[in-house]
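Scroll down for the structure; my scribbles are underneath it.
The values are calculated or read from the model by the stated rules, or taken from the named source; none is laboratory data. Just so it is clear, the structure is predicted and the values come from calculations on it, not from any experiment. Note: ideal-geometry Cβ built from the backbone for every residue, glycine included; neighbour counts use all protein chains shown. For accessibility, only protein heavy atoms count, side chains too; no ligands or nucleic acids. Shrake-Rupley method; radii C 1.70, N 1.55, O 1.52, S 1.80 Å.
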Amino acid sequence: MKIQDIGGEFELIDRLAAIAGQVHGDLVVGIGDDAAVIRTAPEPAPYLLVTTDLLVEGSHFSSRWCSPEQVGHKAVACNASDIAAMGGKPSWMFASLVLAPNADVEWVEGLYRGMARACRSNGIILAGGDTTHGPAASLSITLLGIVDQGHLCLRSQAKPGDLIMVTGTLGASAAALALLEKNDKPDLYLLSKHCAPDCRLDISDIIAPLANAMIDISDGLGSEIRHICRQSRVGAEIVADRIPLHPEVRRAADQLGIDPLSFALQGGEDYELLFTMAPERVEGLMKRTDDCHQIGIVTQGQYEPVLILADGNRIRLPEGYNHFKK
Ligand code: ADP
Ligand code: MG
């Protein structure tokens with residue numbers, strides 16, 4: 001049986017968790033959220049957060065389009081994004097490298113310059129790693145962080161009646177990649193969102209004390225909403241017109257003859273935050289930021305999320321990106 005025959009990446013992780021996932025009194029959250037949550041001291045001490053992410057040349061970055069500095073920046077940002085999605089702050093980082101035997105030292109140093117700069121701007125200290133050789137370059141980062149118990153936001157905490165919110169705008173990274181793959185040149189805004197995205201630690205500490213569920217958008221809105229629905233045992237209604245798209249994403253979609261929403265729903269690598277919040281808390285949030293947008297509501301019952309189109313038609317929300325999926 002092949003991975004694609006069981007549904008893809010997420011179904012495989014479920015199976016692996018069934019084989020090796022363990023229950024432990026100090027493991028507050030194990031496999032299944034943006035980071036593991038670990039109790040290291042008696043309550044009410046903050047929890048330890050641990051996340052790890054792997055970037056592979058050709059699948060997650062391409063030296064054709066992105067400088068080594070940008071790849072390093074992105075590697076830090078996508079891990080820090082998972083810590084932000086838990087409501088926490090990142091702290092210590094470990095970086096492991098697989099390099100082709102003929103890799104350029106200058107490329108590796110550029111990678112580390114990008115990582116160092118992103119670490120500095122996010123309050124992260126690089127504390128170790130590993131280096132080995134292999135057929136393609138890849139970079140695995142493990143990032144630790146801490147979160148106050150009262151700020152912890154899990155994928156499983158959405159409640160019927162919550163508003164569904166996102167930060168920023170979606171689809172820019174996917175739009176840039178679609179243009180690059182057609183040998184078109186994205187504008188600087190799209191290119192920087194693809195090659196050197198930032199995570200939303202700038203805003204996550206405002207959101208975390210107010211939100212119920214939270215997840216970061218790495219695989220497209222269609223995927224992340226499903227994770228929240230499945231783990232919170234709720235449904236969701238998303239209003240297509242409310243999904244925030246940057247004008248450059250619309251322009252790219254026009255150029256390619258594609259629905260711009262597909263970049264937001266199926267694209268991924270936005271590293272914005274998707275969260276749910278009781279309606280009475282939204283006013284407090286909006287007083288502190290204008291970069292959060294309501295895109296839908298959490299509904300009762302566990303069923304497929306629905307997308308409400310501009311003409312009022314309701315369709316099944318298109319799925320997001322899933323490695324290995326047919
Ligand atoms: P994200 O997209 O937020 O980085 P992932 O989809 O990569 O999250 O992972 C979801 C959950 O599955 C996380 O808890 C992660 O630790 C866990 N996970 C992913 N791959 C594996 C694996 N090979 N073995 C054990 N746990 C895994
Ligand atoms: Mg995540």
Multiplying the sequence separation of LYS185 and ARG250 by 0.36 nm and subtracting their Cα-Cα distance, what value in nm do you get?
21.9 nm
Taking Cα pairs under 8 Å and at least six residues apart, what relative contact order does the chain come out at, in percent?
22 percent
Three-way shape label, region 169-291, alpha-carbon gyration tensor, a/c 1.5:
prolate
Running a GNM on the chain with Cα contacts under 10 Å, which residue among LYS193, LYS185, LYS159 ends up with the highest mean-square fluctuation?
LYS185
Hey, got the dipole for region 165-320? About the Cα centre, +1 on K and R Cβ, -1 on D and E Cβ, debye to the nearest 20?
300 debye
Could you please state, rounded to a whole Å, how far the C-alpha centre of region 81-126 is from the C-alpha centre of region 16-38?
24 Å
Just the number, please: carbon plus sulfur as a percent of the accessible area of region 119-250, 1.4 Å probe, no ligands or DNA/RNA counted.
51 percent
With +1 on each Lys and Arg Cβ and -1 on each Asp and Glu Cβ, how big is the dipole of region 113-180 about its Cα centre, in debye rounded to the nearest 20?
160 debye
I'd like the distance separating the alpha-carbon centroids of region 192-212 and region 262-319, in whole Å.
16 Å
Under a 1.4 Å probe, what is the accessible area of region 194-326 per residue, stated in Å²?
45 Å²
Global form of region 165-235, assessed from the alpha-carbon gyration tensor, a/c cut-off 1.5:
oblate
With the charge dipole of the chain built from beta-carbon charges (+1 for Lys and Arg, -1 for Asp and Glu) about the Cα centre, the Cα from LEU180, SER121, ILE38 projecting farthest to the positive end belongs to ILE38
Would you count, across the chain, every pair of lysines whose alpha carbons are under 28 angstrom apart, provided the pair is eight or more residues apart or spans two chains?
19
Listed residues ALA118, ALA310, ALA178, most fluctuating in the chain (Gaussian network, C-alpha, under 10 Å)
ALA310
Comparing ARG242, ARG288, ARG233, which has the greatest mean-square fluctuation in the GNM of the chain with Cα pairs linked when under 10 Å apart?
ARG288
Computed helical MRE - 222 nm, the chain, DSSP H runs ≥ 4 contributing -39500 (n - 2.57), nearest 500
-10000 deg cm²/dmol
Per its Cα gyration tensor (rounded if a/c is under 1.5, else prolate when a/b beats b/c, else oblate), region 120-203 is best filed as oblate
